[in-house]
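The values are calculated or read from the model by the stated rules, or taken from the named source; none is laboratory data. Everything quoted here is computed from the prediction, not taken from an experiment. Note: ideal-geometry Cβ built from the backbone for every residue, glycine included; neighbour counts use all protein chains shown.
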Amino acid sequence: MLHKISEPISATMSEMTRTTAMTLGLLVTMLAACAPGPMLVTAPVLRTEESAFTGTASVPTSLAPSSRSHARADERSDEPDRGRRFWVADKRFYFSKWYAGKHRKMINFGCTRAPYYAPSPLCSDDRGFHHGLDVAMACGTRLFAGLRGTVVRPKSPGSLGSAYGRFAFRLRNHRLDRDIVFGHVGKVYVQPGDRVGRGDLVALASDEGAPDGCHLHFEVRPKGGSYDQAVNPRSVVDLRLRR
Ligand SMILES: [Zn+2]
């Protein structure tokens with residue numbers, strides 16, 4: 001009797017197990033069927049996150065990370081940056097269409113007492129000349145094209161020296177007839193010749209080639225011009241205290 005009772009029970013249980021297994025199998029199959037979409041996007045994004053601070057080779061724009069994956073870097077960069085030396089009296093935090101978050105100026109365009117530049121004949125008191133604007137921000141902060149433009153080929157006139165970091169690049173805006181330099185970037189999401197639209201993610205901030213921590217070196221030059229032709233980037237960077 002017990003045997004007869006237990007038999008159907010165990011049969012039922014094994015039936016249940018089989019059913020459960022089949023259901024699980026079906027779920028796995030369904031998930032696997034869904035996977036090619038998200039997985040193709042997710043895997044490179046993780047790789048991107050890991051390599052963001054080492055500035056490895058660029059990835060195609062289509063694999064650019066989602067805004068969510070960089071929320072942490074952007075949030076963190078809202079806070080005062082520790083361990084940096086600021087060579088400006090201005091302690092306010094600014095928004096800009098060129099980067100995510102709100103950040104402080106670190107070194108202004110023009111004559112500066114920051115010790116990283118050789119004394120310039122343009123400046124008094126042995127001060128050096130800084131050809132761009134440095135904005136302090138956490139490594140990994142997203143950088144955008146604030147204006148539409150074409151990514152300039154690295155070897156074309158006005159090519160960037162090593163002081164800008166290995167992955168620095170220029171974005172050419174034809175309306176202004178200017179090249180905008182993104183210095184000290186780590187990860188770059190665009191290729192030479194790419195046309196980018198306003199608001200497109202182009203790179204992540206880093207300290208690549210910089211002696212003083214993660215920041216964006218933002219520089220504006222005449223088209224094809226060199227660093228000594230750089231102009232005050234104030235109107236192009238368009239820093240704002242409110243969004
Ligand atoms: Zn700089």
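From the list 160, 171, the lone residue that is within 25 Å of residue 240 (Cα to Cα), buried (at least 21 other Cβ atoms within 10 Å of the Cβ) and hydrophobic (A, V, I, L, M, F, W, C) is 171. Count of the stretch 205-217 residues, restricted to those that are in a strand (DSSP E or B) and either free of Cβ contacts under 8 Å to residues at least 40 places away in the same chain or within 8 Å of the ligand (Cβ to nearest atom) (or both), is 2. The set of residues in the stretch 86-109 that are within 14 Å of the ligand (Cβ to nearest atom) and either free of Cβ contacts under 8 Å to residues at least 24 places away in the same chain or surrounded by fewer than 17 Cβ atoms within 10 Å (Cβ to Cβ) (or both) contains only 88. As for the stretch 220-230, it holds no residue that is assigned to a strand (DSSP E or B), within 12 Å of the ligand (Cβ to nearest atom) and crowded, with 23+ Cβ neighbours inside 10 Å. Remark: residue 176 falls outside the filter, which requires a residue to be in the same structural domain as residue 152 (by TED's automatic domain parsing), touching a residue at least 40 places away in the same chain (Cβ under 8 Å) and under 15 Å from the mean Cα position of the chain (by Cα). In the set (1) farther than 18 Å from residue 135 by Cβ; (2) out of contact with any helix residue (DSSP H, G or I) (no Cβ under 9 Å at 6 or more places or on another chain); (3) of a type in the set (D, E, K, R), the condition left unmet by residue 170 is number (1). The single condition among (1) assigned to a loop (DSSP other than H, G, I, E, B); (2) of a type in the set (Lys, Arg); (3) within 16 Å of the ligand (Cβ to nearest atom) that residue 242 does not meet is (3). Within the span defined as the stretch 122-137, one or more residues are closer than 21 Å to residue 221 by Cβ, in contact with an Asp or Glu (Cβ under 7 Å, 6 or more places away or on another chain) and either more than 16 Å from the ligand (Cβ to nearest atom) or touching a residue at least 40 places away in the same chain (Cβ under 8 Å) (or both). Looking at the stretch 201-217, which of the residues that are acidic (Asp, Glu) and surrounded by 19 or more Cβ atoms within 10 Å (Cβ to Cβ) is modelled with the highest pLDDT? By that ranking, first place goes to 208.
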